[in-house]
Amino acid sequence: ITVVDEPAHDVELIAWLRRYWWVAGLLLVLVIGLRWTYLGYSELQGDEATVLVRAAKLLEGDESVLFSHKKGPAEILVVAAGWRLTGITNEAMARLPFSWANIIGILAAFLIARYALSLHVGVLAVALLGIEGYTLAFARIAQYQSLVLVLGTLGLLCALWFKRTGRSTLVICAALLIASAALAHYDAVFVLPPK
């Protein structure tokens, strides 16, 4: 991946946003609207219910559920944290953090495409990921996929920024994010080949 390293690169984004602010707004409405509309539309199903039951057990003090869960502890910890902070949970509240993670992952994909290729490819990436079926479906369930997306894309973004700036702390951030994505689920290994 060749990273464009020009001071004008950031100026290009600002100029584009000033000229095409409505496109950026429309893309944000599309991405957020599709993910948040009727987020609690259905009861928890299958693996989602398992995650909530295990989060409840964790909140009751049974820490062994983190080690017996075959998909990694991240999805349980996210649900348990929201439940502990608010004291209540329901379908929409359990799914909301995963939806946020999905949105941030898409924005990170925009930055990756922008830095590695071009601004227009970044805009196209947001548009396609915003309506892509799997990405959208995973944003609307309380499972690990959105966590892998956000942690993996942020890890790759840190690696690209390291290549652009040479700041060694970004390598540590990239390693921690990729390791966290792998802890969320082994699907994260698919992020490593682009690096």
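The values are calculated or read from the model by the stated rules, or taken from the named source; none is laboratory data. Every value quoted in this text rests on a predicted model; they were computed, and no experiment measured them. Heads up: the accessible areas ignore ligands, DNA and RNA and are worked out on the full protein's heavy atoms, side chains in. Shrake-Rupley method; radii C 1.70, N 1.55, O 1.52, S 1.80 Å.
So how tilted is helix 74-86 from the main axis of the chain? Cα-based, degrees 0 to 90, rounded to 10.
80 degrees
By how many degrees, 0 to 90 and rounded to 10, does the Cα axis of helix 91-116 deviate from the longest principal axis of the chain?
Approximately 20 degrees, to the nearest 10.
For Ser168 and Asp47, calculate 0.36 nm times their separation in residues minus their Cα-Cα distance, and state this gained length in nm to one decimal.
39.7 nm
Accessible area per residue, 1.4 Å probe, Å², for segment 10-84: what's the number?
Numbers: 4810 Å² over 75 residues.
Accessible surface, normalised per residue, equals 64 Å².
Once you've got the GNM for the chain with C-alpha springs shorter than 10 Å, pick whichever of Leu149, Leu85, Leu119 has the biggest mean-square fluctuation.
Greatest mean-square fluctuation among the candidates belongs to Leu85.
If you fit an axis through the alpha-carbon atoms of helix 46-59 and take the longest principal axis of the Cα set of the chain, what angle between them do you get, 0 to 90°, nearest 10?
70 degrees
Just check segment 102-172 against the gyration tensor rule for me: Cα atoms, a ≥ b ≥ c as the square roots of the eigenvalues, rounded for a/c under 1.5, and otherwise prolate or oblate depending on whether a/b exceeds b/c.
oblate
In the chain, what percent of the accessible surface is made up of carbon and sulfur (1.4 Å probe, ligands and nucleic acids excluded)?
Here carbon and sulfur together make up 69 percent of the probe-accessible area.
Stretched out fully, how many nm does the piece from Ser118 to Ile88 gain, at 0.36 nm a residue minus the Cα gap?
Numbers: separation 30, 0.36 × 30 = 10.80 nm, distance 4.39 nm.
Result for the pair: 6.4 nm of gain on full extension.
Normalised by the residues of segment 1-157, what does the relative contact order come to in percent, with Cα pairs under 8 Å and at least six apart?
Dividing the mean separation by the residue count of segment 1-157 yields 30 percent.
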